[in-house]
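Since the structure comes first, as structure tokens, the remarks are kept for the end.
The values are calculated or read from the model by the stated rules, or taken from the named source; none is laboratory data. Note that the structure is a prediction, hence the values are computed from the model and not measured. Counting neighbours? That spans all protein chains shown, and the Cβs are built from the backbone with ideal geometry, glycine included.
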Amino acid sequence: MPRPRVISLVLAALVAALAGCTPKIGDDCTNSLDCSQTGDRLCDSTQPGGYCTLFGCEPDKCPEGDGVCVAFSAELDPACGTADDAIWGRFGRTFCMAGCDDNSDCRDGYECARPSERAARVIDFEPIAERICVVKIPPPPVSVEIPQICLPSEAPAPPPAWVPTGAGGAGGAGGAGGAGGAGGAGGAGGAGGAGGAGGAGGAGGAGGAGGAGGAGGGP
């Protein structure tokens, strides 16, 4: 076999081996070089164990056959639910996510879920999968004890009957006596009587005895 032919086969085998080892969307990583040497994949180190992805993807623009372009926090109004808002919310972000059919297609610590379960949606026109590998959310703990707030309220017990235990109180003091009435005013003295006028002397009779003098008037 000619040497150039051997070299070509070796190079083809090496390229195939390298292609088989190329990290895929959703693989674990520590930094972006673990995901791609050419910069077409980045490492989201905020995910458990890292997550190879592509930030700001556009519909059908994830690496060919590798990943689904998903928009997170894209709802303009939560009241619209899964309806197409036509305009995305200003906090919406897109990422290439690993597609899957069931949990076995995802890494440990991740699960295969519908985007709608994580406030997200697939924006590819021709998606390679309808589900994506996302961080597994543990189910809430099951409590067998019913919270107190769920139980009917109980009426408080009536207060106990009052039983006197102290000594009797002292009697009240008697009322004060009334004051005596004031004495009446004395009557005014009577006015003295006026003295009588003296009588006129009688004319002397001819030859007769002289008349007696009149008596003096009273005082």
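Applying the selection to the stretch 72-113, what residues are modelled with pLDDT of 80 or more, among the acidic types (Asp, Glu) and exposed (fewer than 10 other Cβ atoms within 10 Å of the Cβ)?
Asp102, Asp108 - these are the residues of the stretch 72-113 that are modelled with pLDDT of 80 or more, among the acidic types (Asp, Glu) and exposed (fewer than 10 other Cβ atoms within 10 Å of the Cβ).
Taking the stretch 19-71 on its own, how many of its residues are at pLDDT below 95, under 14 Å from Val134 (Cβ atoms) and not in a loop (DSSP other than H, G, I, E, B)?
The total comes to 1.
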